[in-house]
Ligand code: E4P
């Protein structure tokens with residue numbers, strides 16, 4: 001499973017891209033609205049940093065408007081993927097953008113049938129929102145599993161991005177279920193990396209090494225004294 005970063009914050013992307021594990025990024029209007037500066041330039045900089053697909057979302061409600069926004073966004077960088085909502089107009093735009101060879105990520109997917117329709121319309125990616133499903137008491141694992149199975153059984157090549165990830169267990173769940181990608185907020189990446197036993201282990205290795213060095217120095221001093 002590929003790991004994407006779910007943010008528009010350049011400092012966070014710079015930090016985590018240095019780990020060498022990022023294969024792409026996703027943004028949305030909420031994430032971009034938290035940043036200051038020119039949004040087009042931010043998107044271009046993200047593309048340069050992650051070196052993989054970067055999703056940018058349209059705001060129009062009608063298919064024609066979505067396609068026009070998509071053309072503008074796709075012109076920013078070869079890595080841009082157009083995020084479209086799971087609506088009738090979004091599906092129509094997905095089909096038109098496929099014909100224009102522009103990649104799409106159909107977002108705000110909350111059911112297996114929505115994912116199936118988005119894929120059939122021509123989406124390159126679909127993004128089921130696991131965190132928001134769990135928030136309203138649904139079993140996001142069950143819905144993700146259904147989508148992955150439906151795509152596999154029906155030989156659908158559309159990729160599944162587990163989105164709206166809230167904690168490390170969501171990532172483990174997505175990987176176990178066979179999602180193609182999980183798009184992960186920076187704070188969840190940091191939690192995934194951190195383990196108290198790793199920190200304790202590093203401390204103990206250092207302590208043991210320093211003890212041994214000290215003993216050797218003391219022995220050498222004694223030997224010189226003799
Ligand atoms: C990614 O494609 C989504 O826009 C994002 O994961 C939504 O996450 P949220 O539910 O935490 O806002």
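Rule-based calculations on the coordinates, nothing more; no lab input. For clarity, every value in this text was computed on a predicted model and none was experimentally measured. No Cβ is skipped: glycine too gets one built from the backbone with ideal geometry, and neighbour counts run over all protein chains shown.
Rounded to the nearest 500, what is the chain's calculated 222 nm mean residue ellipticity when only DSSP H runs of at least 4 contribute -39500 (n - 2.57) each, over all residues? Could you put the intermediate results ahead of the total?
Working: 11 runs with 127 residues, N = 226.
For the chain, the value works out to -17500 deg cm²/dmol.
Quick one: 66, 1, fewest Cβ neighbours within 10 Å first, how do they rank? Walk me through the numbers before you get to the answer.
On the way: 66 27, 1 16.
Listing 66, 1 from fewest to most nearby Cβ atoms yields 1, 66.
For the stretch 2-194, averaging the sequence separation of C-alpha pairs within contact (under 8 Å, six or more residues apart) and dividing by the residue count gives a relative contact order of 18 percent.
Taking 44, 101, 207 as the candidate residues, the one with maximal mean-square fluctuation in a Gaussian network model of the chain, Cα springs under 10 Å, is 207.
I want to verify a result. In a Gaussian network model of the chain, Cα cutoff 10 Å, which of these has the top mean-square fluctuation: 29, 128, 185? Fluctuation is largest for 29. When each of the peptides 153-160, 175-182, 115-122, 79-86 is scored by the mean number of other C-beta atoms lying within 10 Å of its residues, the order from highest to lowest reads 79-86, 115-122, 175-182, 153-160. Helix 39-50 axis versus longest C-alpha principal axis of the chain: approximately 50°, rounded to the nearest ten.
I need the calculated FRET efficiency for the pair residue 139 and residue 1, taking r as the beta carbon distance and R₀ as 22 Å, to the nearest 0.05. If you can, show how the numbers build up before the last one.
Numbers: r = 20 Å, r/R0 = 0.90.
The calculated FRET efficiency here is 0.65.
For the chain, what is the Kirkwood hydrodynamic radius in Å, using each pair of distinct C-alpha atoms?
Values: mean 1/r = 0.0520 Å⁻¹.
Result for the chain, one decimal place: 19.2 Å.
Angle of helix 168-177 to the longest C-alpha principal axis of the chain, folded into 0 to 90 degrees and rounded to 10: 60°.
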